[in-house]
Structures are given as structure tokens and as C-alpha cells.
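Worksheet: one structure, shown below.
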Amino acid sequence: MKNKLITLILICASLHLCFGQLEQPKRSKEAKEAALKSINGTTLSELKFTDIEGHVYTIDDLKNKVAVFTFWQINNTSCIAEIPKLNQLKIKFKNRPVLFFAIALDNKADLNSFLKTTLFNHTIIPNGSDLANRFEIPDYPYHLILDKNGTIEYITDELRLNTINHLQRR
């Protein structure tokens, strides 16, 4: 009886770990749009994050440069499908003052494993859930562009031609 009880407890704990996040209510499309609209046009006074190599970036490092943030995860097929286009985008802007950051929800070890088999030429930021929460990113992949003054000027859920056109105007 004691063994059955322990087995049942372990099964329940495993189910909670696997499916616990699914219990969180999803925001409606309108709520997502309102949250994103509320931060669009906001000028950042502070920002700090660390890339996979340990380099620390602050808002001062982004001054006079356009910064493109892609929020993604290694287990999301839509995110993975965008990587070749994102690599091409960085190549297209290589001679311009544009920085490309890939903010991953994944940890450094998992990212290093993934990057052994997948080329992603952006600056990789591991453990990016704090940044994703700060910018109220509702889904993945998601893209955010900061202008040269650190103002959030463009947010989209998909790499589209108008994203590229918007970046070209900067």
C-alpha cells in the first residue's frame, strides 16, 4: 500500500510539472494587443541583459543603433522556421548600425546543444523570460524593434515584409 501511495504521488508530481503551465489562462487577442500597444512608443531608460558568452549589454550599448529583438524558443517550430530568414536579415544589414538579439526562453546548456546543429547568427540571450515579461511578449516568435534613441517603435508576431521595410527606413 505504501509503495502504491508513493507511486501515485510521483505520478501526480510529474503530471503537475508537465502540464502545470497549461493551467494558466490565455490572454484574449484583444488583451494581447492592448498590452503591446501600451508599451509601443515607450522610451527605455534602463535595460540590462547578458548574452550566451557572458557579455553584458545595457541601454548605453544600444544608443545610436537600431536594436532588433527576436523572442523565441528552441522547441517552437515557428521560431525554428524563421531562423534562416533572420540570418539573411542580419546579413542584409551588416553595414548598418543595427544589432540583432535572439532572446531565448531556454537555458544556456540547451541553447549550446541546439546551436551545434543550427546556425543562428544573432547575439543569443539565454534565460530571457524576464525580458519577455518586461515587454509583455504574448507568443513566440515575436519581434520588437528599438530605434536609435531606445524607443520601442515596432512590435510584431511574425517576420513579415513590412517588418523588413520598417527596419530599412531606420
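Probe radius 1.4 Å, ligands and nucleic acids left out: which of Thr42, Thr70, Thr117 has the largest accessible area, and how do the rest follow?
Largest to smallest exposure gives the sequence Thr117, Thr42, Thr70.
Using R0 = 22 Å, the C-beta based FRET efficiency linking Ser129 and Glu46 works out to 0.75. When only alpha carbons are used to place a centre, the stretch 88-138 and the stretch 44-84 end up 5 Å from one another. Put simply, the amide H of Leu99, placed in the peptide plane, has neighbours under 5 Å in Val66, Ala67, Val68, leaving out anything fewer than 5 places away on its chain. Other residues within the sphere of radius under 13 Å centred on the Cβ of Thr50, judged by their own Cβ, net out at -2 (K and R +1, D and E -1). Using the Cβ of Leu105 as centre and a radius below 13 Å, the other residues enclosed give a net charge of -3, where K and R count +1 and D and E count -1. Close amide-amide hydrogen proximity is noted between Asp106 and Ile74, Asn127, Gly128, each under 5 Å apart and 5 or more residues distant or on a separate chain (H modeled in the peptide plane; Pro and chain starts excluded). Restriction of the trypsin sites (Lys or Arg not before Pro) in the stretch 90-151 to DSSP coil positions whose beta-carbon has at most 12 other beta-carbons within 10 angstrom yields Lys94, Lys116. Sequence-ordered 3J(HN,Hα) estimates for the stretch 76-89 from the Karplus curve with 6.51, -1.76 and 1.60 and θ = phi - 60° stand at 10, 5, 5, 5, 5, 5, 7, 4, x, 5, 5, 4, 5, 4 Hz, glycine and proline given as x. Phi angles of the stretch 56-66 translate, via the Karplus equation with coefficients 6.51, -1.76, 1.60 and θ = phi - 60°, into HN-Hα couplings of 8, 10, 10, 4, 5, 5, 9, 4, 6, 9, 7 Hz per residue; Gly and Pro are given as x. Placing a pseudo-label 7 Å from each Cα along the Cα-to-Cβ vector at Ile91 and His55 gives an inter-label distance of 2.1 nm.
The values are calculated or read from the model by the stated rules, or taken from the named source; none is laboratory data. Keep in mind the model is a prediction, meaning the values are calculated, not measured. All Cβ positions, even for glycine, are placed from backbone atoms using ideal geometry, and neighbour counts span all protein chains on display. All accessible areas refer to the heavy atoms of the entire protein, side chains included, with ligands and DNA or RNA removed. Shrake-Rupley method; radii C 1.70, N 1.55, O 1.52, S 1.80 Å.
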